[in-house]
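Visitor: First the structure, then my questions, so here it is.
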Amino acid sequence: MSTLSLPRSRRRNRAQEGDAHWLVVSDLMASLMMIFLFLALLHMLQLERAHQVEVEVRETAADIRAAIYQTLDEEFRADLGRWNAELDRPSLTLRFREPEVLFDRNSARIKPEFEAILSDFLPRYLERLRPFREVIREIRIEGHTSSEWGPNSSALEAYFANMELSQQRTQAVLRFAYGLDAVQEHGWFRQRVAAVGLSSSRPVLNALGNEDPVASRRVEFSVLTNFEARLLAGAERPEPLPEERRLNLRP
């Protein structure tokens with residue numbers, strides 16, 4: 001029987017049932033659309049918040065690092081020339097560049113001249129860094145060598161020989177540091193210090209792009225903060241420093 005042959009009342013009921021069905025489907029689609037829009041909005045808010053946290057961490061990190069550089073620069077500016085040292089702002093690295101003063105050739109014995117420098121430098125260095133100890137992840141002592149070794153050594157043999165030498169040298173510096181009473185007073189230093197020998201893996205290059213063997217033989221003290229790790233881990237907004245360690249106060 002065709003729809004046209006049905007009584008008018010039955011055709012009307014079927015039409016109403018069809019309309020009701022489409023209304024239910026339409027309401028369901030509208031509800032799903034609202035849910036999708038809500039989820040999309042929530043996701044956008046989460047991304048925006050994550051971006052804000054990242055910006056805040058970066059700004060805080062920049063402020064802290066600037067303050068560390070400023071306090072080290074104020075302390076050692078007058079000494080860098082006579083030590084043949086430099087303070088690198090981006091890496092917060094204080095670099096001793098005079099190999100003839102540091103160690104004997106192919107030896108891990110600290111020269112008396114460098115002992116005198118370390119005796120002066122280390123207590124002042126740690127005292128200046130002490131107010132920032134809660135945000136310092138690591139104080140890294142790095143030993144660097146040139147790629148040179150014996151005349152008959154292969155490049156690989158020279159690399160590993162220099163690796164052992166650079167490690168022995170940084171250990172010698174750390175042992176000397178702990179022999180100073182003023183260093184032993186800084187208990188936090190032991191929890192954060194790392195002595196690393198890097199052999200010739202990071203040579204200093206001259207203007208022609210070739211290794212400068214003299215400049216490559218050096219000892220560096222670098223400050224690493226914990227903000228870099230927070231950024232990589234997507235950490236929450238860092239808490240403010242205790243009152244006595246805020247940036248607008250001197251150590």
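Visitor: Quick one: in region 202-221, which of the residues that are among the small types (Gly, Ala, Ser) and either surrounded by 12 or more Cβ atoms within 10 Å (Cβ to Cβ) or part of a strand (DSSP E or B) (or both) is farthest from the chain's Cα centre (by Cα)?
Guide: Kept after step one, since they are among the small types (Gly, Ala, Ser), are these residues of region 202-221: 207, 209, 215-216.
From the residues that got through so far, the ones that are either surrounded by 12 or more Cβ atoms within 10 Å (Cβ to Cβ) or part of a strand (DSSP E or B) (or both) too are 215-216.
Numbers: Ala215: 25, Ser216: 23 Å.
Out of the qualifying residues, it is Ala215.
Visitor: Okay, moving on. Check region 95-102 and report whether any residue there is touching a residue at least 40 places away in the same chain (Cβ under 8 Å), in the same structural domain as Glu75 (by TED's automatic domain parsing), within 19 Å of Phe189 (Cβ to Cβ) and in a strand (DSSP E or B). Quick ask: steps written out before the conclusion?
Guide: First, pick out the residues of region 95-102 that are touching a residue at least 40 places away in the same chain (Cβ under 8 Å): 95-97, 99, 102.
Among the residues that remain, those that are also in the same structural domain as Glu75 (by TED's automatic domain parsing) are: 95-97, 99, 102.
Adding the requirement that they be within 19 Å of Phe189 (Cβ to Cβ) leaves 96.
From what is left, the residues that are in a strand (DSSP E or B) are 96.
Yes, region 95-102 has at least one match.
Visitor: Give me the helices (runs of 4 or more DSSP H) completely within region 126-201, filtered to those with at least 2 residues that are at pLDDT 95 or above and hydroxyl-bearing (Ser, Thr, Tyr), ordered by residue number.
Guide: On the way: elements: 155-178, 181-184, 187-192.
The helices (runs of 4 or more DSSP H) meeting that bar are 155-178.
So that you can scan it fast, the table gives a plain yes or no per residue for (1) modelled with pLDDT of 95 or more; (2) of a type in the set (A, V, I, L, M, F, W, C); (3) on the phi < 0 side of the Ramachandran plot; (4) surrounded by 13 or more Cβ atoms within 10 Å (Cβ to Cβ):
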position: Ala85; (1), (2), (3), (4): yes, yes, yes, yes
position: Asp88; (1), (2), (3), (4): yes, no, yes, no
position: Asn106; (1), (2), (3), (4): no, no, no, no
position: Ile110; (1), (2), (3), (4): yes, yes, yes, yes
position: Phe114; (1), (2), (3), (4): yes, yes, yes, yes
position: Ser119; (1), (2), (3), (4): yes, no, yes, yes
position: Leu122; (1), (2), (3), (4): yes, yes, yes, yes
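The values are calculated or read from the model by the stated rules, or taken from the named source; none is laboratory data. No experiment lies behind these values; they were computed from the predicted model shown. Note that we place each Cβ from the backbone using ideal geometry, even for glycine, and neighbour counts take in every protein chain shown.
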